[in-house]
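Comments concern the structure below.
The values are calculated or read from the model by the stated rules, or taken from the named source; none is laboratory data. Remember, it's a predicted structure, so these values are computed and weren't measured experimentally. No Cβ is skipped: glycine too gets one built from the backbone with ideal geometry, and neighbour counts run over all protein chains shown. For accessibility, only protein heavy atoms count, side chains too; no ligands or nucleic acids. Shrake-Rupley method; radii C 1.70, N 1.55, O 1.52, S 1.80 Å.
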Amino acid sequence: MDPETTDLPTPCTSSAAVVDRLRQSLSSCSQLIQTGVDFRKSEQSLSDLVLFLNSISDSVVREPENQDLENASFQILTEIRLFITSSSVDQQAVIDALSFELPKTAARFACVSPRCMEVAQSIVDCFTDKCSPRDMLSILCEAIGSPRDAFTVPSYFAPLLSGFPKVFVSIRKRQFEQVKAAVPVILNALKAIVLDSDDEDADLGDIFHKANCIADSMKAVCLELEGKDNEKLCALLGLFVLQITALASMGIEYRLAHSSPLVLKLSHFLQCCGLSYLGLIMGTDVEKLLGFAVGDGGDDLVGCFSDIWLGASILVIWGYKSNEVALAAGADLVALKDELQSSRIKRWHAVGMLKHVLLCLYLPLELKKDAINFLLSIMHAKLSQMPNDENEDYSTYMPTLCSALQAIQVVIMYATDVILRKNAFAAFKELLADCPTSLRFDILRALIKDGDSSSMIAVLLDCVREEVRLESTKSPPASKVSKAESEGSQGTIFWSSSALELVELVLRPPGGGPPSLPEHSDAVLSALNLYRFILIKESTGKSNNTGVLSRDSLVKAHSEWLLPLRTLVTRMMAEAQCGCDELALCGLNPVEVVLYRCIELVEELT
């Protein structure tokens, strides 16, 4: 141990002894700093003071129920506040030196009790009043960016966050650059608080109140700036608001109940940032904000805005839930829904944004319900008002639609609420129906090919079968179609050889070999039913639109799909019977029945 620190005081539960030691240490630090004779000695004295105070705060963390330590903590904070506000401490050098350590030290004691937090916050306020705002900005950022594990709780961050508004409005040069440097640190700390906090942590409300105060101060600085700096800071404020909205909405019902007033306050910022519900739900306003605030080469800054797309969607959902929130944002929900219903492209952009809500693991179920309901409300397209959409290259929207449908699939498969699952499935079908036929087929093929849930693939194949049925009923009777036209007609998409491609994806997977059973029993059963439906439909209608009745197609299905599958099913059934695996038998029995019926049909038609 350094000889200078061998007489370091140890924590003591006697409040009087602790305060007396603190008073001596503060006086010693002050004298050494004011004389300025021995810089190394003054630094060591300050270091010893911090170690002494931290040892006590560590003791409090280890013994949170110790009332003596709570009393000592409160008196320590009171003594520090008394010292830095004392008229005898008139040397700015002393305050500046203490400001590098004591705000963070005071924040550690804020975790002890509400009254300690109150005094700790007043200490931070004292330093922000007395010290350079640019120095305090760095000090606060360092303090909230590197807490010890034992102090990663809301009560530690609260007094430090309270210092940022005053610092922001006090900076007079390069305001945008200074605020831009601090925002990532603030947001990263807030996200860590949200994800690490208990679901019923009451201190979260105070944390987000302080975040709102920071947004207020950013707006105040915006009003002082002109030109490009004003545009960039307004954009940065908009991004900050979107991220805070997302963070405030994460969690279970406690946060849902308490985030409504905050979202109402945050919604007031939208108009000053040039944001609209339409721009938010389409994502165009988010891209605009990023372009202004971040520009090129801003990867570090973009990282702290990881949830802004989610926040943009949530703001609109909150407006959909609450007329008061929509009014605060200056939005007209009726006009918004009318706009989305009237434009297929805008509607698809909105659906692409809503996937962020559906996929977020931390959002309460209620918000996901509202997201699905909002999606359903905009899917009733006004076809007479969308002539301009007809010339669009719809294939460019396939990734957006596929990812949105996959997000809805997650809700269908894993939501615990029955009504939510039912509405999600309705939304899934509505979105599929909103796609042109060729795009709908490509999407279904992609979802089947990339799907990893047998049950969901079965649902998709059932959708395909319904499409085949609808298209087959629209085809002209076989008596009115020549044999050449009947063979592989290209007038439809599902009622063609394309349907057999989807059957093959399941019965003969791209990786080769028969499908895996019994885990893929649902998908295999649905594929067999689709194949059997096509066989019966074509043979009874004396048509061959799908090409399923051609000899080559029948031979291929028999030798490459059905017989290998029969061998597998027979073996799996025998193993299940020997092992008395009732669950496997329940899955394999229907597959066996439909499989043998398909084999019989193929052999009859060959």
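List of remarks:
- Between the Cα long axis of helix 344-359 and the first principal axis of the chain there is an angle of about 60°, rounded to the nearest 10.
- The C-alpha radius of gyration of region 533-606, expressed as a fraction of 2.2 N^0.38 Å, stands at 1.30.
- Against the chain, whose longest principal axis comes from its Cα atoms, helix 437-450 is set at around 70 degrees.
- For Arg445, the solvent-accessible surface with a 1.4 Å probe is about 80 Å², rounded to the nearest 10.
- In a fully extended conformation the segment linking Ser28 and Asp338 would gain 104.5 nm over its present Cα-Cα distance, using 0.36 nm per residue.
- Label point distance in nm, His380-Lys173, each placed 7 Å from Cα along Cα→Cβ: 6.1
- Which listed pairs, of Lys180/Lys429; Lys265/Lys337; Lys210/Lys422; Lys41/Lys219; Lys210/Lys368, have C-alpha distances above 32 Å, in listed order: Lys180/Lys429; Lys210/Lys422; Lys41/Lys219
- Calculated mean residue ellipticity at 222 nm for the chain: -23500 deg cm²/dmol, from DSSP H runs with n ≥ 4 weighted as -39500 (n - 2.57), summed, divided by the residue count and rounded to 500.
- Region 538-598 - percent relative contact order, Cα under 8 Å, separation 6 or more: 24
- Relative contact order computed over the chain (Cα-Cα under 8 Å; 6+ residues apart), in percent: 7
- Cα long-axis angle, helix 454-474 against the chain (0 to 90 degrees, to the nearest 10): 50
- Partner lysines for Lys556 [C-alpha distance under 24 Å; skip if fewer than 8 residues away on the same chain]: Lys449, Lys483, Lys537, Lys542
- For Thr567, the accessible surface of its heavy atoms amounts to roughly 100 Å² (probe 1.4 Å, protein chains only, rounded to the nearest 10).
- Our estimate of slack between Ser539 and Glu501, defined as 0.36 nm per intervening residue step minus the Cα-Cα distance, is 11.8 nm.
- Among the GluC sites (Glu not before Pro) within region 102-204, those in coil by DSSP and having at most 14 neighbouring Cβ atoms inside 10 Å are Glu200.
- Kirkwood hydrodynamic radius (C-alpha pairs) into Stokes-Einstein, the chain, 20 °C and 1.002 mPa s, D in µm²/s: 74
- Within region 120-180: Cβ-based charge dipole about Cα centre, in debye rounded to nearest 20 (Lys, Arg +1; Asp, Glu -1): 300
- For region 498-522 and region 165-242, distance of Cα centres in Å: 53
- Segment Asn323..Asp417, full-extension length gain: 31.3 nm, with 0.36 nm per residue of separation and the alpha-carbon distance subtracted.
- Shape call, region 26-82: gyration tensor on alpha carbons, a/c limit 1.5: oblate
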